Every structure is written in C-alpha cells, then in structure tokens.
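Undergrad: Okay, handing you the structure first.
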Amino acid sequence: MADKVYRLGCDIGGTFTDFVLLNDQTGEIKTYKCLTTPRDPSDAVEDGIRGMEKYTPDFVEKLDEVIHGTTLVINSIIERKGAKTGLITTKGFRDVLEIGRGIRYAPYDVFAEFPKPLIPRHLRFEVDERIRSDGSVLKPLDPREAKQVVRAILKLGVESIAVCLINSFENPANELMLKEIIEKEAPEISVSISFRVLPQIKEYERTSTTVTNAYVKPLTGRYLSKLAKRLEAIGFKGKLFIMLSSGGVTSVETASEFPVRIIESGPTAAVIAGQFYGRLFNIPEMFCFDMGGTTAKSCLIQKGEAGVVPTFEVGRVQRFMKGSGLTIQVPVVDLMEIGAGGGSIARVSRLGTLQVGPESSGADPGPICYGIRGMDPCVTDADLLLGYLDENYFLGGKMKLDKEAARLGVEEKVARPLGVKFIQAVWGIHDLINETMAAAAKTHIAEKGGNPSLVTIVAFGGAGPVHAYGLAKKLGAPRLLVPPNAGVGSALGFFTAPRAFDLLRSHKVALTASDFNEIEGILKELEEEAAKILKKQASEKDIQFERSLDMRFVGQGSETNVPISGRDFAKMGREEVRRRFDEVYEKLYGRTYPDSEVEFINFKVRASLPERLIQFQHINKTGDSLIKAIKGKRKAYSPKAKDFIFYTVYDRYQLFPKATFKGPAIIEEKESTVIVGEDGSISVDDFGFLWINLKNE
Amino acid sequence: MGGTFDPITLEILWRRLISVVDEADSAVARTAFSSLLRDAHDYTCMFTDQKGRELAQGSFATPGQSGAMALGIKNLVTKLPLETYEPGDIFITNDPWALAGHLNDVCVMSPVFYNGKLVAFTACVFHHSDIGGRVSSDNHDVFEEGLFIPLVKLYDGGILNQSVMDMIRWNVRTPDEVIGDIRSQIAANHVCAEKICQMLRENGLDHLDDLADQIISRTEKSMREEIEKIPDGIYQAEGMIEQMKGQQDVVIKTTVEVKGSDIIVNLNGSSPQVNWGGNVVYNFTYAYVFMAIKSMFGPDIPNNDGCASPITLKAPEGTVVNCKFPAAVAARLVIGHFLTEIIYRALSGVASNKVIAASGGTPAQMNVFYGKRRNGKPWHSVIIRGGGMGASASSDGHYVYIFPANGANTPVEIIESDTPLIIEKRELLVDSGGPGRMKGGLGQREVFRIPDDQYGPQSPVNLGIQAGRHIHAPEGLFGGNPGARAQFLVNGVPGNPFGLTQLKPGDVVTIDAAGGGGCGNPMEREPERVERDVLEGYVSLEKARDDYGVAIHPETLKVEEELTRKLRESLKKGNDRKRIDP
C-alpha cells in the first residue's frame, strides 16, 4: 500500500475528458485534458492516462484509486440510445408510464411538448396479480402466466426488462418471482425490479425510475467492465470507483446494477469540491457556481453540506423548464442548472428588449469570436469586447479570438435593432446574463432558507470567474473564492467524495399504530443490504450508518425527513420519535401542530466509509513584490464608472501566498480569467486560492 | 433614475420584478401546509403598481386564478381611496365575485410602501382545502357553500384583527391547516413587499410607475402586433354544456370581434344562471377567455396588465357566465372551463395554426369519495382527472391532461393507502382520440372496486362528481371527428354523473374521461402514423379501417398499401354520396 500514493479523478464531459492526479503524500495536483471520444469513452480515458504518463512516469502502478464520473448515462437517455427495453407491470396499469402525473408545465402554451416514455406501449406487458396497499396478496401471480408473458416479451427482441408491480414496495414476492423466471428463461437479459431500484410509494415515479435504470443498464455494464479491463491492461491494480449523483462514490458492480444512480455523476463533482472547501475553510454559507459553455450549475452549501433531493428530471424537452423531463426518483445533489454560459446567444426579443440565452451556440459553431462558424453574438463575445478576455490569451493562447467580428456581430444583431449605443449593448449582454443567474440563485437560496447577502461564492468553470464578481454584486454577496485551476478544479471533488450509499423502503403506517420491532427489522435489513454494497468496494469494517425517517402529518402531501440515532428503534418511545418530528418540522416551516397525527412513509439508511482527506500542497513561493506577476494594464469596462478604465492584469501563476492587491484587476490563468472590479480586494492564501472581498453599499 | 428606460435596463429590471414574485412563490412552497398548495401548486402570487395594474405574477400560476386576480385586484384596489391605505395593512377576502369565483379561493392583499409612499399592492390567492359549508355542487345558493369573507382588514396598521382570525377558525373543518395557510399567505406578501423595496433602493427609483408604464405598454404592443395579423371581422361560436338529467343544455353564445388589434368578446345570448353550483362569476369567465387569447397570441410573454389590454369582455349579468349574487358557484369549473375552447372555435377559421380542437379534460373531472371504514373511522379522498387534449393542425393531441385548467393526478398507491378502495385500472382508452389528420388525445379509464371482504368499508360509500362530456363529445376541428364521450358506470350500468351517488361494498365504478377532438380529415392521415397507432394499441385495427381508411395486416401490423388506397377511395365515394344524398 505504501507505494500507492496517487489517486486519479477522471470526468468524461460532453467536449473534454478532464483528469486530475493527486499525490497524497505531497498534496501535489496535476491536471490534464483531452477530447472526449463519444464512440467509446474509454478510449479517451486510456489516451489521457498515457498522456499524463509523459509528465509523471509510472504513476499507473502507484495508483490507489481511480474515481470516475461520466455523462455516458445521461447522454444515452437524452439521445435515446439506450437498450430496447420491455416493462412488466400489474394488469390495468401498463399506461402508468405514459400517463405520468398530468401537470402541464407551461400552462399557457397548448403546443408545449412532453417527453415520450422510454418504453413504447407495445413493449409494456401486464400480469394478472395484485398486492394490497398493506402488502397482503389480493391476487397471487400464476407462474404459468408469468412465464408466458416473459416469453412473449422476449420474442420482441428486448435486451433489458423492467418489472414494476403495484404496491410491490410493501411486498416484493411477485416481482422477485418474475425476476427468477426471466433469469431462468433468458439469463443474458438484464433485469431491473422496482423493489431493488426504488422500493417507494407512488407508482409513476417508481416505474419511471425502474424503467430508466433498465434502459441504461446494458450499456453502462458493458462500458464499465470494459473500462475496468482496459485499466487493468495498462497496469492499474487499485480500486475503481464511480461517482453517484448523490455525491458519494460506489463500486463498478453497484454502478452497473443501478446506473440510474450515476446519471448526474459529472456535475456533482463540483459540488463535492465545494463541500470540501466549505469544511476546509469553515465557510458557513457557500454558493458553488460553475459556469461553462452552455449552462451554469450552482448549489448552496450550508455548513459544508450540499442539499440532497430525492427526485430530479432528465431529458427536458423544453430546456430548463421544470416539468418537461422524465421523472427519476433517486437521491441527487440539489443542483440548479440554467441556460446561461459563455455560448448563450444574445438577440432581440419579441418584446423589443434584449434576450440572452437559454439558447446556446455550444462549442460548434460557438461564439462569433471563435471564428468557427458562429454568427450570433454570445456572452463570450461580450466578455471579449468588454476587455475581460484577452484575444491573445484565450485557453492560454491556444486559440486566437476575433474581436472585430464580435464587434460587428453585436453592432448588427443587438445594438442597432435595439437602438442603443454599442457599449450599452455589450455591457447589457454581460449584465443581463448575470441578472438571469442572480434571479435563479436567489430563488434557489430562498428555497433552502439561506441568505444571499451572507454567502461566499466559489467560482468554477471557464466562465465562472469572469462572471462571479458581477453575480456577487447582484446578490450582495460579500466574498468570492476562486480555487486554482478553476477551469477543471471541480474534478477535485472526486477525491473528497464520501464512499456512501443510500437505501430506502416505503412503508406507510401511523406513528400510533406502528410496530417498532417491525421498523427495527426494516432498518436492519436496509443496513445489511447497504453494507453488502460497501463491502464490495473496500475491506474496511468501520462502516457507519445513518438512519432517518420520512414522516408527515396524516393526509399531508409531502414528507419531512427526520434523522434519528442508530440505536435500537424498538427501544425508542413514541413520544421521543414524535418530539423529533416536531423539532425538525418547526425548524423547517416555522411552526408545528402537536395535536395532528403523524405517520411514517419511508425508512432510510445511509451507509458510509470514513472520508479520505486530501492535503493541499502549500505553495513554497514567497515574494514581496507583485511586479513579476503584473503583465500590464488593459482597458476594460467598469459598470461603476460606466466607461472603460484601466485594469491591472496579473499572471496567476506568478502570484504567491499572502500577496494582496486591489481591484480593478484581471487575473489570468490558462483555463479562465478572474475579473475583479474597483470594490474588490484580493488576497492569495497558502494554497494559491484567491479570496476576494467585496465592498457592498 | 426614472422617466424612460433603455431596452436593456428595462429587461433587467423587468426580470428582477418577475424574480421577486418567484421568491414569494417559493416562500409559499416552504411554509404552506396543505398538499393542494405544495404539490398541486393551487395558488397564485402577484403584485400590481399603485394603480392596481398587474406587473408580475408567479411563473407557475394557475390560469383560472391568475386571470381572475389580475382583474379582481385592480377592482379591489380602486374601491378605496388611495390615501386610506396605511403601512402594515393586510386585507383578506374570498368574495367569489371580487376574485376567483368560489369561496375556497381566499385572497390576502397588502399595500406596499416605500419611503412612506404607496408604490404597489401585493396579493396572493390560495385554494384552501376547506371553507366550511356543505361540500356539494347541488347547493342552491352561495350561503350553503361555506364562509363568505367580504373585503376586511386582517391587520390594521400592523395590528392583527384577532376577531377576523377567530371568525375564520370557527367556521372551517380543518382550522389548523386553514389558519396556517393564511399565515403563509401573509408571509408570501411580506417577502414580495420586501423585495420590491429592495429593488427600488438598489436602482435608485422612487416608485414603480414609469417602469410599470413601459413594461405594460411593451407587453401590450407585442400582444397587439400578433392580434393585428388576424383579419378584422366578427366571428361566432356556440357551446352546448350538458346539465343534470331533465334540464336543458346550458348554451354559451360567443361573438368575437377582431378590430385592428382589439378583441371584443361578447357573450350576449348565453343561458341564464342555473340553480346549482355551476354558475360562473364574471372574473372567472374572463380568466378562461383570457387563457384562450393569451395562449394564442402570447403564450411565452410574461403575464401582466398589458396582456389583457387588447381584450374586452361583455357578459350580461344574470347569465351563467356572469351570475348574480347569491348564486351557488362551487362547481364553476363545470361550465367555466368551456370558455377557452369556445373562443378557439370562434377564431379557428382565421387563426387555424393557433388553436386546438375541443379537449376531453374540459372540464376537469373531480371525484370526492368518502365514507366510513369497517371500524367506523371516516375516510375522504379528492381526485382530479384529465382527458385527451384536442389535436391541432400541426400535432396530435396530448394524452390525459386537464385543460384549460391544470393539476396533477393522485397516484393509485396513495389513493389505496388513504382509502379502502381498490383501483383496478388506470389506462389509456383505445380509440377514444377523435380521428383526424391529426388525432385527438386519448382519454383514460379508471376502475374503482369497493371491496366486500374484511378490507371493505361500511355501506354506503358516497361519491360526489363534478364532470362533463357524458352527452356532448369533444368536437373535432377542420373536418376532424369528435373524441369519445365520458362515461360513468356503476356495475356496468350508466349512473348519474351529477351530484351524489351512493355505493356499497362489492360495487365497481368505471369512469372514462373523454378523448380530444381530431383535427383535419382522417382520410388524410399518413398511413404510417396510423400503423404506428395500431402497433401501440392507441387505435384498433377496426377503427384504422373504418375511421382512417387504412388497412393494416392483422399479423404483421403493417400497412397494406393497395388495400388502403382502395379503401380510402371507396370511403371517399361513400362520403361524397352522403353529401349529395343525405
């Protein structure tokens, strides 16, 4: 073990595959980027590792862990490239998947489209069985009928089968029987049963989640086992982990069994990195802000913890419109994503005002200044024209930007049609996208009970540090934090992610009528199941369990999660449980109603292994003069002066610990540029992080 | 700053105003008690300028409430002289005629002051789960329907009027929930007011008036530009809405006059008000007229007073679409929801690409099941249900949605865990979509069994229904055929879909929600689409042949081209003959 000093984080994104190599002994961090290879993403992983070997020879043998995040699963859903999948459900309910919950997400738009179910109707089959809501059997499943149905569905050439029966979360016997029959009839077929994927009440949400799991299971399994083999072939002998949407990491086996849990594995890393910084620097309220080419993703982190929500949507047909995607009910980090990025397009709206985003020009054709084929002015064009970006130092000078073309584009497509001065248009694009992000951020922060004027904003992504100052101004946030390598720094989250797994079981029963022995049994079972999963990924015996209950007032529509201690539930008093619920409820909603009856809905267990910490490398540079770091001065726009003023341009690689300086400043690094206005003062800490304090009126 | 704003500043400030309401909206999600609010989002937050003109409303507002509120708040605000409002005042009312048309919709409204000057009003309407009274659609007047709160001060200059709170508390069945939700309304208004002042302060503005003028006039201009594209003229349509057995259909007569960029809707000649809860107040009628016009001419532009400016609605008092106090109004949706499709029909000839055929989710179906369990414990469940949406000239109708209203269904597993009922089926209804070049959306069938074993309840089980379309099917458009009718069967025998039905253990209730109307001649539907529909079981082989003239091979499920050509030819001849010789 002693020589296994490295850990590698590897994130497959839409355009680039990012690598971060950590030396646990020295704290040294190295990054690498290569183009994603959509046909076989493991090609890029191997290419990248080979590329990194040039700079760090023989690190592969010394790798203890590879932690992997991928957009493979989400892309196969969005592009509908999953397996041909069949569904077996209870008689009378084959349309549950298609009927959904019936909300029109755009109430005034009669032409709004809805996502098509992943399994078309002719591949949805029924069996004549029925479980009651209390788990008792109303109609048993006839094994002969079950076999016939399985054969009929196999005849249609499916590669994967989802099984979701009504009320199965209370009694899985019939689902298990079907699984057994399928495995006997066709051992090569992939099976997902709802009791394993999501044993939770509400048939649409459970079916949709199980079906999504089944849809991506074959390709995820193939990909992950191939990746594992390739890593082995190049000499990797450590453990391979996969990032979960909930912020934990898990084994290849578990990820292959429940691929629906790794859908958001990519963007989650930034949040985990944010959590880590939150704890490292003891920041009580942090707003993690990751702005890339097409979207901005953000998340409020309170006391070092990001919220985890039980449900999200994937494949929205109307980008960013809540309700226009497929519902997936697995724990996922509470991430807000809006259509605001460097590629967001500026145009004149129907109302004769400026509109920026959510449409994006993406990487190709890209903003006008890229000079690829872009014809529409974008946020990046405005950032360039405002002087925030240097046409000769984009991506460290790898890509020359065309300022003149950008100027013409903004003039023709925005300034002239709006009848405003050129500079108003350029600043307007930058300012409006900030306003859009601020509006979304405020709502997100309000929903979590946070306060925007107290948050520290941590900026990630290529465009994050360019816009963070403007965003902070709009939120009234007092402080900005820009980690080194902000463009890829989010991948650090891979190293700090807890090895944890969440399981739950629905069982609705009133507190007063519940059997605490039975509940202890359920919790124990969940713990054993979770322990089995964790044991696959590590030999550590010290697995920790956290128990919680989803409770609500009888008849209420949504539940409140109540954490409880790990001691024997059967020995707890009803009053004690009730008191816990009232405490939590009051904290969340300001008041509680002790006279109204409460009930249990779900029982939850989170199993986790101790966190592995990372030790950042202290920068050994010292210095007393910033002269070497100053590249010069550049005219850039100041909203305060309403004019171009001189900003001092710094080379981030030449900064040293304890250096302090004041805005207006532009700090350049390869992957991004930090903009600081007149009201900001910057200080560099021992790890090379930039701390920017804002003076707000 | 003040006067005029350049278009960029305007957009930024405008967005800020919308985000102010969205913040208030999410405060509701955090504080509201009942699931009707939290899960089905049956509430609307908005604010107006100091003249009562709506400036912004929550992005997820429900059409019925939001349209009615825009009008209602303007009227309320102008009722009192402006100088009588004081900081800290909070008003409350559920007057159906003043706001959203039934007693359950309670409005809380507050004036907003900035630097001592009145600058805005903020208001929200919540659909409360209970408001007392007799919960049924066959009441004869509004007095039977529950507590009526006229416009009163709940807070007077910041001081709570406890008597009003007590009066409400003692008149509802679920006081903790109702009072809790009223407090949540106060909190939402508070958030909204705070944020408005913050926005004024940050931007150095003294008031909202100039900003309001520009937002409203730009919105109005945009709506008018779209309306202007419609040729001037007078367009008419009529809607027939069924009533209880033995009563004549309610008729809604509509004349839509397009004059330049103005739309004048006149409902003269519509039926007089009825002696049950189906009566619609002017505001609610207006809301669904507005829904039609907004969805046609500006579905994506933010809602404010400017959207409404081009629209004039005339509805004679005493008719079912402008009922007089004290008419019963609790079941207003049974008639009110039809306004949207009637306007669509009137304008379909001149705006063919902006409308859809009639929908099976008009009106929304509402079922209230209640009774006692074997052990004497009462149970109660409210379920709403949509049908197939109408097809448009360019697309098939969506399956099973409530339209023009909106709302979520209740999961089968939740119903079964809350009640003794067993749900045997919730499925799409084959062949229920109106045939057309574009097919109407499919309706759905739900089957409920009342168990007679040890799990069963006591007899009787009561079932209250608000619904429609049992007699008049949702019509097609441009030669499309109607969708399937709604059905209500008890043990296979048609029951009475109005009022209350008493059931007993062992009974099986089947409820079909109607399908949407088709659009265009079904003989012109591409055979491949029909093939797909047959493969998926949306259309049967027989109907593919009879309604669409498409022959599909019963085993391969592929189109038989030659047969189809012949079939369509002979059907066309048959139709032509029918036309000549009816």
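Each value in this text was obtained by applying a stated rule to the coordinates, not by laboratory testing. Values in this document were obtained by computation on a predicted structure and should not be read as measured data. When we count neighbours, we look across all protein chains shown, and the Cβ atoms used for this are built from the backbone with ideal geometry, even at glycine.
Undergrad: Using alpha carbon coordinates only, what is the Rg to Rh ratio of region A:500-608, with Rh defined as the Kirkwood radius?
TA: Details: Rg = 14.6 Å, Rh = 14.5 Å.
Reported Rg/Rh, Kirkwood definition of Rh: 1.00.
Undergrad: In whole Å and largest first, what semi-axes does the C-alpha gyration tensor of region A:630-694 yield when each eigenvalue is scaled by 5 and square-rooted? Can you show the working numbers first?
TA: Values: eigenvalues 82, 34, 16 Å².
Working from the Cα gyration tensor, I get semi-axes of 20, 13, 9 Å.
Undergrad: Let me have the relative contact order for region A:599-697, percent, based on Cα pairs under 8 Å that are six or more residues apart. Kindly include the intermediate steps, with their values, before the conclusion.
TA: Values: 160 pairs, mean separation 20.7, N = 99.
After rounding, I find 21 percent.
Undergrad: Once you list every other residue whose beta carbon is under 9 Å from the beta carbon of A:K658, what net charge do they have if Lys and Arg are +1 and Asp and Glu are -1? Walk me through the intermediate numbers first.
TA: On the way: positive: none; negative: A:D685, A:D686.
Its environment carries a net charge of -2.
Undergrad: Please provide three numbers in whole Å: the alpha-carbon extents of region A:1-151 along the principal axes, with the largest listed first.
TA: 63, 45, 30
Undergrad: Still on this structure, I have one more. Answer with one residue from A:L690, A:F646, A:I666: the one whose Cα lies farthest towards the positive end of the charge dipole of region A:630-694, charges on Cβ with Lys, Arg +1 and Asp, Glu -1.
TA: Towards the positive end, the residue furthest out is A:F646.
Undergrad: Return, for the Cα atoms of region B:7-220, the radius of gyration and Dmax in Å, separated by a comma.
TA: Every Cα atom of region B:7-220 included, Rg and Dmax give 16.9, 55 Å.
Undergrad: Another question, then. In debye, nearest 20: dipole of region A:299-349 around its Cα centre with unit charges on the Cβ of K, R (+) and D, E (-)?
TA: Values: 5 positive and 4 negative charges, 46 e Å.
With Lys and Arg at +1 and Asp and Glu at -1, about 220 debye.
Undergrad: Can you tell which of A:H68, A:L178, B:P81 lies farthest toward the positive end of the dipole of the protein assembly as shown, using +1 and -1 charges on the Cβ of basic and acidic side chains (Lys, Arg; Asp, Glu)?
TA: A:H68
Undergrad: By DSSP, what percent of the beta bridges with both residues in the protein assembly as shown are antiparallel, rounded to the nearest 5? Before the final figure, lay out each step's value.
TA: Details: 175 of 216 bridges.
Restricted to the protein assembly as shown, the bridges split so that about 80 percent are antiparallel.
Undergrad: Mind ranking A:279-291, A:140-152 by how tightly packed they are, going by the mean number of other C-beta atoms within 10 angstrom, highest first?
TA: On the way: A:279-291: 21.5, A:140-152: 15.2.
For the peptides A:279-291, A:140-152, the packing ranking is A:279-291, A:140-152.
Undergrad: Still on this model: If each of A:F545 and A:I645 carries a label point 7 Å out from its Cα toward its Cβ, how far apart are those two points in nm?
TA: Placing both labels 7 Å along Cα→Cβ, they lie 6.1 nm apart.
Undergrad: How long is region A:129-204 along each principal axis, judged by its Cα atoms, biggest number first, in Å?
TA: 35, 24, 18
Undergrad: Another question, then. If we sort B:508-517, B:81-90, A:182-191, B:215-224 on the protection proxy, mean other Cβ atoms within 10 Å, highest first, what's the order? Don't skip to the end; give the middle numbers.
TA: On the way: B:508-517: 28.2, B:81-90: 13.6, A:182-191: 15.4, B:215-224: 20.4.
In descending order of packing, they fall as B:508-517, B:215-224, A:182-191, B:81-90.
Undergrad: Using the basic label-point model (7 angstrom from Cα toward the beta carbon), what is the B:Q236 to A:N561 distance in nanometres?
TA: Computed distance between label sites B:Q236 and A:N561 equals 6.2 nm.
Undergrad: Could you tell me how far the Cα centroid of region A:81-158 sits from the Cα centroid of region B:456-528, in Å?
TA: Rounded to whole Å, the Cα centres lie 23 Å apart.
Undergrad: If you place +1 on the Cβ of every Lys and Arg and -1 on the Cβ of every Asp and Glu, how big does the dipole about the Cα centre of region A:630-694 come out, in debye to the nearest 20?
TA: Details: 10 positive and 9 negative charges, 63 e Å.
Value, rounded to 20: 300 debye.
Undergrad: Under unit Cβ charges (Lys, Arg +1; Asp, Glu -1), what dipole magnitude, rounded to 20 debye, does region B:356-525 have relative to its Cα centre?
TA: Numbers: 15 positive and 14 negative charges, 51 e Å.
Roughly 240 debye, rounded to the nearest 20.
Undergrad: For a quick check: sort B:V350, A:V332, A:V73 by the number of other beta carbons within 10 angstrom, fewest at the front.
TA: Placing the least packed residue first, the sequence is B:V350, A:V332, A:V73.
Undergrad: Work out the FRET efficiency for B:F143 and B:H380 from their Cβ-Cβ distance, taking R0 = 25 Å, and round it to the nearest 0.05. Present the calculation step by step, with values, prior to reporting the outcome.
TA: Details: r = 23 Å, r/R0 = 0.93.
With a Förster radius of 25 Å, E is 0.60.
Undergrad: Another question about this same structure. Could you sort the peptides A:624-634, B:49-59 by per-residue average Cβ neighbour count (10 Å cutoff), highest mean leading?
TA: Details: A:624-634: 13.0, B:49-59: 22.8.
Ranked by mean Cβ neighbours within 10 Å, highest first: B:49-59, A:624-634.
Undergrad: So what is Rg over Rh here for chain A, counting just Cα atoms and using Kirkwood for Rh?
TA: 0.98
Undergrad: Partner chain Cβ atoms within 10 Å, averaged over the residues of B:409-421 - can you pull that number for me? Please report the intermediate quantities before stating the final value.
TA: Details: counts 6, 4, 9, 10, 15, 6, 1, 8, 11, 4, 1, 2, 1.
Mean shielding by partner chains, rounded to a whole number: 6.
Undergrad: Let me confirm one metric for peptide B:424-436, namely the mean number of other chain beta-carbon atoms within 10 Å of its residues' beta-carbons.
TA: Values: counts 5, 6, 9, 9, 5, 1, 0, 0, 0, 0, 0, 0, 0.
Counting other chains' Cβ atoms within 10 Å and averaging over B:424-436 gives 3.
Undergrad: To continue, here is another question. Taking R0 as 51 Å, what FRET efficiency do you get between B:S570 and A:S225 from their Cβ-Cβ distance, rounded to the nearest 0.05? Walk me through the numbers on the way to the answer.
TA: Values: r = 59 Å, r/R0 = 1.15.
It comes to 0.30.
Undergrad: Using only atoms on other chains, find how many Cβ atoms lie within 10 Å of each Cβ of peptide A:344-351 and report the average. Show your work: numbers first, answer last.
TA: Details: counts 0, 0, 0, 0, 1, 6, 8, 15.
Other-chain Cβ atoms within 10 Å of each residue's Cβ, averaged: 4.
Undergrad: Now, a different point. Relative contact order for region A:6-70 using alpha-carbon pairs under 8 Å, separation at least 6, rounded to a whole percent?
TA: Details: 100 pairs, mean separation 25.9, N = 65.
Taking the mean separation of contacting Cα pairs over the length of region A:6-70, I get 40 percent.
Undergrad: May I pose another question? Using a Förster radius of 41 Å, what is the FRET efficiency between A:D3 and A:T311 based on their Cβ-Cβ separation? Nearest 0.05, please.
TA: On the way: r = 44 Å, r/R0 = 1.07.
For R0 = 41 Å, the calculated efficiency reads 0.40.
Undergrad: Okay, next question. Whole Å is fine, so just give me how far the alpha carbon centre of region A:329-355 lies from that of region A:194-210.
TA: 31 Å
Undergrad: Sum up the charges of everything whose Cβ sits under 13 Å from the Cβ of B:R332, counting Lys and Arg as +1 and Asp and Glu as -1, but leave B:R332 out. Working shown, then result.
TA: Details: positive: none; negative: B:D105, B:E145.
Neighbour charge sum, excluding B:R332 itself: -2.
Undergrad: Answer with one residue from A:V330, A:G352, A:S625: the one whose Cα lies farthest towards the positive end of the charge dipole of the protein assembly as shown, charges on Cβ with Lys, Arg +1 and Asp, Glu -1.
TA: Of the listed residues, the answer is A:S625.
Undergrad: Something else about it: Using only the Cα atoms of region B:527-580, what semi-axes does the equivalent ellipsoid have when each is the square root of 5 times a gyration tensor eigenvalue? Give whole Å, largest first. Don't skip to the answer; put the middle values down first.
TA: Details: eigenvalues 96, 25, 10 Å².
Each semi-axis is √(5λ); the values are 22, 11, 7 Å.
Undergrad: Rounded, prolate or oblate: which fits chain B when a ≥ b ≥ c are the square roots of the eigenvalues of the alpha-carbon gyration tensor, with rounded for a/c under 1.5 and prolate only if a/b beats b/c? It would help to have the intermediate numbers written out before the result.
TA: Working: a/c = 2.03, a/b = 1.33, b/c = 1.53.
Taking the square roots of the gyration eigenvalues as a ≥ b ≥ c, chain B is oblate.
Undergrad: Can you give me the angle between helix A:422-447 and the longest principal axis of chain A, using Cα atoms only, in degrees from 0 to 90, rounded to the nearest 10?
TA: 30 degrees
Undergrad: From zero up to wherever the largest Cα-Cα distance of region B:279-364 sits, split into 10 Å bins and tell me the percent of pairs in each.
TA: Final binned percentages: 17, 45, 33, 5, 0.
Undergrad: Sticking with this one: Stokes-Einstein D for region B:356-525 at 10 °C, 1.306 mPa s, Kirkwood Rh over Cα pairs, in µm²/s?
TA: Numbers: Rh = 16.1 Å.
Taking Rh from Cα pairs, D becomes 99 µm²/s.
Undergrad: Return P(r) of region A:6-70 (all Cα-Cα pairs; 5 Å bins starting at 0; whole %; ordered from short to long distances).
TA: 4, 19, 32, 25, 13, 6, 1, 0
Undergrad: While we're here: Give, in nm to one decimal, the length gained when the segment between A:N693 and A:E391 is fully stretched (0.36 nm per residue of separation minus the Cα-Cα distance). Walk me through the numbers on the way to the answer.
TA: Working: separation 302, 0.36 × 302 = 108.72 nm, distance 2.78 nm.
Taking 0.36 nm per residue and subtracting the Cα distance, the gain is 105.9 nm.
Undergrad: Relative to the first principal axis of the alpha-carbon coordinates of chain B, what is the inclination of helix B:209-228, with its axis defined by its Cα atoms, in degrees from 0 to 90 and to the nearest 10?
TA: That helix lies at roughly 20 degrees to the long axis.
Undergrad: Which value in nm describes the separation of the simple spin-label points at B:D176 and B:E86, placed 7 Å from the Cα toward the beta carbon?
TA: Computed distance between label sites B:D176 and B:E86 equals 3.5 nm.
Undergrad: Counting only C-alpha contacts under 8 Å and six or more residues apart, can you give the relative contact order of chain B as a whole percent?
TA: Values: 1497 pairs, mean separation 65.4, N = 582.
Relative contact order comes out at 11 percent.
Undergrad: Let me see the pair-distance distribution of the protein assembly as shown: every alpha carbon pair, 10 Å bin width, integer percents in order.
TA: Going out from 0 Å in 10 Å bins, the protein assembly as shown shows 2, 9, 16, 21, 22, 17, 10, 3, 1, 0, 0 percent.
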